[in-house]
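First comes the structure, then the notes that go with it.
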Amino acid sequence: MSEDKKLIEFQKVNKTYFLGTQKIEALKDIDLTINNQDFIAIIGPSGSGKSSMLNLVSFIDEPSEGKILYGDINVENLKDKDIAQFRSNKIGIIFQNFNLIPVFSATENVALALQIQNGNNKENIEKSKELLNELGLGNHLNHRPNYLSGGQKQRVAIARALITNPEIIIADEPTSALDSKTGIEIIDLMKKINETKKTTFIFSTHDPRIINQVEKTIELIDGQIKK
Ligand SMILES: Nc1ncnc2c1ncn2[C@@H]1O[C@H](COP(=O)(O)OP(=O)(O)OP(=O)(O)O)[C@@H](O)[C@H]1O
Ligand SMILES: [Mg+2]
């Protein structure tokens, strides 16, 4: 289903953390290609390196060794300012605990992402409302996060990630704060966006019911991809 155009490539990537004198090899010798319009679930036990890997895919963190290419760009070589711009244009992130701003309405939470990308345009609010409508939140545009269910909050967070029209959306356990049924609805919504808007997705999950629905999974064990 996915077009085989390479979006992100890991070449022999290692990620090592140091805790005092203790050395933790969180990712070892990772080779990975993410193609355009992929829909990838990263699975594996706690501590296997899922978050470490996603933090590299989103360029929140840097590899200790090896190279990560985005198209032809070696992001490591960009200046800090350019990395920020690059991330804001290309990447959307969805968090486990939604990370919405509590004093902002659903619409304002989404519009803020546009404002960060493009400045304060008067269309920001209108565009945000349109997208929230599309994602089934038309009756909750003015609600603050506290007045939304977990599934509704995650829909707002998806809208916020999507509004800037990113090439890839990255999500670390986007369903773990939700009950299993709502979690599956959120994954279904992500899949629908993947198919209709051609956005690439990579996310981690523990939920076996979700794993069964995803064609392409990457299993990590002790920081290595299971072959
Ligand atoms: N900032 C850090 N400093 C030191 N060690 C870390 C750090 N982040 C992660 N680790 C270690 O790296 C390894 C991989 O952790 P990671 O968080 O990537 O696993 P995970 O698969 O996301 O686990 P979980 O399912 O519990 O979220 C673990 O041994 C963890 O303790
Ligand atoms: Mg994790």
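The values are calculated or read from the model by the stated rules, or taken from the named source; none is laboratory data. Computed from a prediction, not measured in an experiment: that's the story for all the values here. Using ideal geometry, Cβ is built from the backbone for each residue, glycine included, and neighbour counts are taken over all protein chains shown. Just the protein is used for accessible areas: all its heavy atoms, side chains included, with ligands, DNA and RNA removed. Shrake-Rupley method; radii C 1.70, N 1.55, O 1.52, S 1.80 Å.
List, in order, the whole-Hz ³J(HN,Hα) value for each residue of region 182-199 obtained from phi through the Karplus relation with A = 6.51, B = -1.76, C = 1.60 and θ = phi - 60°; use x for Gly and Pro.
5, x, 5, 4, 5, 5, 4, 5, 4, 5, 5, 5, 4, 7, 7, 9, 6, 6
On a full-extension model of 0.36 nm per residue, what is the gain between Asn142 and Asn121, subtracting their alpha-carbon distance, rounded to one decimal in nm?
Length gained, Asn142 through Asn121: 5.7 nm.
If we count GluC sites (Glu not before Pro) as exposed when they sit in a DSSP loop and have at most 13 other beta carbons within 10 Å, what is the longest stretch of the chain that avoids them all?
4-214
Quick check: at a probe of 1.4 Å, how many percent of the accessible area of the chain sits on carbon and sulfur atoms?
46 percent
What whole-number distance in Å separates the alpha-carbon centres of region 15-38 and region 68-125?
About 24 Å separates the Cα centre of region 15-38 from the one of region 68-125.
Accessible area per residue for the chain in Å², computed with a 1.4 Å probe and the full protein assembly in place, what is it?
Using a 1.4 Å probe on heavy atoms only, each residue of the chain averages 52 Å².
Nothing charged except the Cβ atoms of Lys and Arg (+1) and of Asp and Glu (-1): what's the magnitude of the dipole of the chain about its Cα centre? Round to the nearest 20 debye.
The dipole of the chain has a size of about 300 debye.
Below 11 angstrom from the Cβ of Ile83, what's the summed charge of the other residues (Lys, Arg +1; Asp, Glu -1)?
Taking every Cβ under 11 Å from that of Ile83, the sum is 0.
Determine the sum of side-chain charges near Gly92: Lys and Arg each +1, Asp and Glu each -1, restricted to other residues whose C-beta is under 14 angstrom from that of Gly92.
Result for the local shell: +4.
So which chymotrypsin sites (Phe, Trp or Tyr not before Pro) in region 7-50 are both in a DSSP loop and have at most 14 other Cβ atoms within 10 Å of their Cβ?
Answer by residue number: there is no such site.
Taking θ = phi - 60°, what integer Hz values does the Karplus form 6.51 cos²θ - 1.76 cosθ + 1.60 yield along region 31-45, in sequence order, with x for Gly and Pro?
10, 7, 10, 10, 9, 3, 6, 5, 9, 10, 9, 9, 10, x, x
Can you give the calculated 222 nm mean residue ellipticity of the chain, where each DSSP H run of n ≥ 4 adds -39,500 (n - 2.57) and the sum is split over every residue, rounded to the nearest 500 deg cm²/dmol?
That comes out to -10500 deg cm²/dmol.
Lys6's amide H: which non-local residues (gap 5+, or another chain) put their own amide H closer than 5 Å, with H modeled 1.01 Å from N in plane and none for Pro or chain starts?
Result for Lys6 returns Asn36.
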